[in-house]
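What follows is a short report on a single structure.
Read the figures in this text as sums done on the coordinates, not as results from a lab. Predicted model only: the values in this text are computed from it and were never measured. Here Cβ is always computed from backbone atoms with ideal geometry, including for glycine, and neighbour counts include all displayed protein chains.
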Amino acid sequence: MRKPRTVVVDDSRFMRGLITDLLDEGGIPVVGEAKDGVEALEVIADKQPDVVTMDLEMPRMNGIEAVERIMADQPTPVLMLSAYTDDDAEVTFEALEKGAVDFFAKPGGEVSMEVSRLGDQLLETIRTVADADLKQANRAEQSATAAATQTSTPDGPGGTSSTDSNAFDDTRTVVIGSSTGGPNAVEQVMSELPGGDCRVIIVQHMPEAFTSRFADRLDAATSEYDVREAGDGARIGAGEVLVARGGKHLEITGYRNGRVRVGLIDDDLGHSVMPAVNVTMESAAETITDPLTGVILTGMGADGAEGICAIQETGGPTIAQNEESCVIYGMPKRAVEAGCIDSVVHLDDVAATIRELV
């Protein structure tokens, strides 16, 4: 099992000790500790770790500034440790934009007890982050991509004119699933998806306190779509987007008059993540009879493979992000291995591929 050399950065001596103990017990060696960003830069330069756990709020240099300096001076995978609050959720997204790979939510209250309870998840996340493609994690800081500059025309490559009698007249439903590296990838896809010709449902592995802010950020990133966090019984039509709420599964419960209705489920249904991509995609395949497309983006694990197979079985085209452009090539890889992907494309081409279908 992967044993990435780790540096722990936190202004709380107690929290540094707790995290170090958890990692040591899980077989992950902690090669250094730091109480703030300034000290972190020195320790990272000296110890050359495989991964860094980074607190957000620290004296002298906070987590965001530290991530930016690390990526500029000595690129190293960083896992943010974020409190379970709305304010920290917003700051965490900023850290992801600066190049942090992922985050581990520290719930409020008795933080130490919660981190201990989620120790196995923390270990798995650190191992995954250590293997991340930093070039892709830093895409949000790069200039506009080729896909963003592509000119949209009525006829796609080998495609169909919007006036062709064989073209789909019904609004296409697009279900997007993602995990590690997903926030930036989803934002890029939505910012490049033109027209508001689809209804979109996004399932990003993310705690409850973060999905509302994530929806707000996506809404700001696109002028073509109205994006909001899903509520129980919510309905969407063309030009609308729902983001699955953290801590609950999202299922498609109805489809009528061009509008999709969703419901929220509190039971974990045997899944290790909530929301699970499989739950949403499988229910979409069962309920939606008009054009339906499944998309699997960067992320760790196998969630989404069964769901996207269900979509393909209904005749819906399926898309997976390719390995080259993934931060973590886990979820797309499992979907491809399941034989349920019609198109494997670079992140820059995901929106264009959806556009061609429409």
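Odds and ends about this structure:
- Our estimate of slack between Asp266 and Ser212, defined as 0.36 nm per intervening residue step minus the Cα-Cα distance, is 17.7 nm.
- Distant-in-sequence amide H partners of Val344 (H built 1.01 Å from N, under 5 Å): Ala320
- With a simple spin-label model that places each label point 7 Å from the Cα along the Cα-to-Cβ direction, the separation between Glu286 and Arg13 comes to 5.5 nm.
- Shape category assigned to the range 175-280 from the gyration tensor of Cα positions, a/c cut at 1.5: oblate
- Shape call, the range 153-357: gyration tensor on alpha carbons, a/c limit 1.5: rounded
- When each of the peptides 295-306, 262-273 is scored by how many other beta carbons lie within 10 Å of its residues on average, the order from highest to lowest is 295-306, 262-273.
- The residues neighbouring Gly316, those whose beta-carbon lies less than 14 Å from its own, together hold a net charge of -4 under the Lys/Arg +1, Asp/Glu -1 convention.
- For the peptides 180-189, 236-245, 220-229, residues were scored by their other Cβ atoms within 10 Å and the scores averaged per peptide; the highest-first order is 180-189, 236-245, 220-229.
- Set Lys3/Lys333; Lys35/Lys333; Lys35/Lys98 screened for pairs whose C-alpha atoms are more than 29 Å apart: Lys35/Lys333
- Taking a ≥ b ≥ c as the square roots of the Cα gyration tensor eigenvalues, the chain comes out prolate, since a/c reaches at least 1.5 and a/b is larger than b/c.
- Inter-part distance where the range 12-32 and the range 35-92 are each reduced to a Cα centre, Å: 16 Å
- Distance from the alpha carbon centroid of the range 286-358 to that of the range 213-231 works out to 21 angstrom.
- For the chain, cysteines whose Cβ has no other cysteine Cβ within reach (under 4.7 Å): Cys198, Cys326
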